[in-house]
Amino acid sequence: MYVSTRSVTGDKSTASEAILKGLAPDGGLFIPESIPRIPEDFTLSKGAWYAMYQAMKPYFEGDELEGDLEEIAKNAFSFPVPFHHNEGKDTLELFYGPTAAFKDFGARFLAFSMEKLLEKRNRDLCILVATSGDTGGAVASAFHNRKHLSVKVLFPKGRVAERQQKQLTCWDGNVESYEVDGTFDDCQKMVKDAFMDSSLSGLSSANSINLGRLLPQMAYYVYASSLYKEIYGREAVFIIPSGNVGNSTGAFWAKAMGAPIKSIVLAVNANRTIPDYLETGEYRPRPSVETLANAMDVGAPSNMERLFAMFPSVEQFRENVASYSVSDDEIRRTIGEEYRESGHIICPHTACGERVRRDHYADEDTVVVATAHPAKFERIVEPIIGGPVAIPKQLFDILQKPSAAKSIGTDYHALF
Ligand SMILES: *Cc1c(COP(=O)(O)O)cnc(C)c1O
């Protein structure tokens, strides 16, 4: 069962209830009452999706989705999860999903789970998403053609990268895109206002704090750390480019389940909230600053509540969490170094992780997590490496599709 980070002894929800609710009724985030162990029969021999299914299984014990979980995992995790090997200083590539970033894992699992739950209830839901980049594309792609579900994506006019915008606007059928004449904050406010309007019903969100997005991010760490251990016979330090720390929370849950992870390091950009907390012992969320790794431009990480639930005191936090900040200059330098030394092309987010490896873990067994394909950030990467970045097939397919968005102002009534 699942409880809220704000009342761990309060009301309990099943996994399915937590997925449909998104946020706990008291405004907290859902966490498991206790973290389960990796199942005894866990195996790598049936492929990544099956290992991920096994890692998630104990979280759905007795749940109404228990019997559907294998099928959901098979459909949601239908793309490779490869390592880029470099003698134990490896990179875990989480960008082979339809929108070429790790968010595809969580968004797809959430979409297939919600579809099953709504089918059982014979209900429909409309998902509202405000996006400044990656999230909207992953959600739109994941929910496209899912039954009982429709999506309205809101993005700020002229403030989204070209290829990102394409990923928001190339869908038809049950996915509609709205180009808002305003800022990202205006988009978020429109979504909030719509949720508050009691004359509207059947609305939901697909936030990155949803349990259904977090559990897959736990599962690929169980898989990848076990595979690393099998290959090298040792445990690695996992270095994770982080913003809202949802991806890294998944890694902490995996480690608590017994996954062979030596330690977990959060690589952040110039948004220093977490390194500052480790240094000063005082937690001070703040407005975000813009960087080259824009999907990590977060000053008040939404999943910190979940990490604080695991490590409540600053001493416990320091014992378990390391974090380093990387500047835009260092991001550029690292993309260049990595390319010149080995021909390996990395995105600006992944570059934060690579910088932290080079500066702080050079002598250790390490895995840097590659959170997006570099072709999504060609405007930054191509001038640095002095040539084109090949576009992966899944991104190429999206870029070929016709796109359409409705232009609207900042009044949410235009959405309905
Ligand atoms: C969302 C995102 C991140 C940050 O992940 P969090 O779970 O918010 O910490 C890092 N890199 C890329 C490419 C992303 O899209």
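The values are calculated or read from the model by the stated rules, or taken from the named source; none is laboratory data. Predicted, not measured: the structure shown is a model, and the values here were computed from it. Using ideal geometry, Cβ is built from the backbone for each residue, glycine included, and neighbour counts are taken over all protein chains shown.
The requirement of being closer than 21 Å to W253 by Cβ, within 16 Å of the ligand (Cβ to nearest atom) and at pLDDT 95 or above is satisfied by F308.
Given the criteria modelled with pLDDT under 95, more than 14 Å from the ligand (Cβ to nearest atom) and among the hydrophobic types (A, V, I, L, M, F, W, C), does A111 qualify?
Working: modelled with pLDDT under 95: no; more than 14 Å from the ligand (Cβ to nearest atom): yes; among the hydrophobic types (A, V, I, L, M, F, W, C): yes.
In short, no.
Take Y412 and tell me if it is over 21 Å from G250 (Cα atoms) and surrounded by 21 or more Cβ atoms within 10 Å (Cβ to Cβ).
Working: over 21 Å from G250 (Cα atoms): yes; surrounded by 21 or more Cβ atoms within 10 Å (Cβ to Cβ): yes.
The answer is yes for Y412.
The set of residues from the stretch 377-400 being of a type outside the set (A, V, I, L, M) and either at positive phi or out of contact with any Phe, Trp or Tyr (no Cβ under 8 Å at 6 or more places or on another chain) (or both) comprises F377, E378, R379, E382, P383, G386, G387, P388, K393, F396, D397, Q400.
I'd like the full set of residues that are away from the ligand (no atom under 12 Å from the Cβ) and in a loop (DSSP other than H, G, I, E, B), limited to the stretch 280-298. It would help to see each step written out before you state the result.
The initial filter retains those residues of the stretch 280-298 that are away from the ligand (no atom under 12 Å from the Cβ), namely 280-287, 289-290.
Those that are away from the ligand (no atom under 12 Å from the Cβ) and in a loop (DSSP other than H, G, I, E, B): G281, E282, Y283, R284, P285, R286, P287, V289, E290.
Evaluating E338 against the criteria (1) closer than 30 Å to R379 by Cα; (2) surrounded by fewer than 18 Cβ atoms within 10 Å (Cβ to Cβ); (3) more than 15 Å from the ligand (Cβ to nearest atom); (4) of a type outside the set (F, W, Y) leaves one unmet condition, (2).
Could you say whether any residue in the stretch 287-300 is touching a Phe, Trp or Tyr at 6+ places or on another chain (Cβ under 7 Å) and either surrounded by fewer than 18 Cβ atoms within 10 Å (Cβ to Cβ) or under 30 Å from V160 (Cα atoms) (or both)?
If we filter the stretch 287-300 for residues that are touching a Phe, Trp or Tyr at 6+ places or on another chain (Cβ under 7 Å), which is where we start, we get none.
No - not one qualifying residue is present in the stretch 287-300.
On the stretch given as the stretch 256-277, residues that are within 16 Å of the ligand (Cβ to nearest atom) and not in a loop (DSSP other than H, G, I, E, B) total 9. Residues in the stretch 376-397: is at least one within 16 Å of the ligand (Cβ to nearest atom), modelled with pLDDT of 95 or more, part of a helix (DSSP H, G or I) and under 22 Å from the mean Cα position of the chain (by Cα)? Checked the stretch 376-397: at least one residue is within 16 Å of the ligand (Cβ to nearest atom), modelled with pLDDT of 95 or more, part of a helix (DSSP H, G or I) and under 22 Å from the mean Cα position of the chain (by Cα). Do we have any residue at all in the stretch 67-84 that's among the aliphatic types (A, V, I, L, M), within 16 Å of the ligand (Cβ to nearest atom) and out of contact with any Pro (no Cβ under 7 Å at 6 or more places or on another chain)? Within the stretch 67-84, one or more residues are among the aliphatic types (A, V, I, L, M), within 16 Å of the ligand (Cβ to nearest atom) and out of contact with any Pro (no Cβ under 7 Å at 6 or more places or on another chain).
Here is a yes/no grid of residues against (1) more than 21 Å from G88 (Cβ to Cβ); (2) modelled with pLDDT of 95 or more; (3) touching a Gly at 6+ places or on another chain (Cβ under 9 Å):
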position	(1), (2), (3)
E330	yes, yes, no
R333	yes, yes, no
E338	no, yes, no
H344	no, yes, no
H349	yes, yes, yes
R355	no, yes, no
V368	no, yes, yes
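Scanning the stretch 341-375 for residues that are within 12 Å of the ligand (Cβ to nearest atom), in a helix (DSSP H, G or I) and not hydrophobic (A, V, I, L, M, F, W, C) yields P348, H349, T350, G353, P374. Within the stretch 226-252, residues that are on the phi > 0 side of the Ramachandran plot reach partners that are outside any helix (DSSP H, G or I) and among the polar types (S, T, N, Q) with beta carbons closer than 7 Å, at six or more positions or on different chains, in the pairs V245/N303. Look at (1) touching a residue at least 60 places away in the same chain (Cβ under 8 Å); (2) touching a helix residue (DSSP H, G or I) at 6+ places or on another chain (Cβ under 7 Å); (3) crowded, with 18+ Cβ neighbours inside 10 Å and you find that H344 fails only one, number (3). Only one of the listed residues (G22, G27, G88, G62) is out of contact with any Ser or Thr (no Cβ under 7 Å at 6 or more places or on another chain), at pLDDT below 95 and on the phi > 0 side of the Ramachandran plot. That residue is G27. Of all positions in the stretch 370-381, at least one carries a residue that is within 20 Å of A161 (Cα to Cα) and of a type in the set (F, W, Y).
Residue under question is P402, and the condition is that it be touching a His at 6+ places or on another chain (Cβ under 6 Å), at pLDDT below 95 and surrounded by fewer than 17 Cβ atoms within 10 Å (Cβ to Cβ); does it hold?
Details: touching a His at 6+ places or on another chain (Cβ under 6 Å): no; at pLDDT below 95: yes; surrounded by fewer than 17 Cβ atoms within 10 Å (Cβ to Cβ): yes.
So P402 does not fit the description; no.
Among the residues of the stretch 85-108, which ones are more than 16 Å from the ligand (Cβ to nearest atom) and touching a Phe, Trp or Tyr at 6+ places or on another chain (Cβ under 6 Å)? Give the derivation first.
So the first thing to find is which residues in the stretch 85-108 are more than 16 Å from the ligand (Cβ to nearest atom), and the list is 85-90.
Once the filter is applied, which keeps residues that are more than 16 Å from the ligand (Cβ to nearest atom) and touching a Phe, Trp or Tyr at 6+ places or on another chain (Cβ under 6 Å), the stretch 85-108 yields G88, D90.
In the stretch 138-158, the residue that is nearest to S78 (Cα to Cα) out of those that are among the hydrophobic types (A, V, I, L, M, F, W, C) and not in a strand (DSSP E or B) is A142. Within the stretch 89-102, residues that are touching a residue at least 12 places away in the same chain (Cβ under 8 Å) and within 23 Å of Q167 (Cα to Cα) have Cβ atoms under 8 Å from residues that are part of a strand (DSSP E or B) and more than 13 Å from the ligand (Cβ to nearest atom) in these pairs: E93/F83; E93/H84, counting only partners at least 6 apart in sequence or on another chain.
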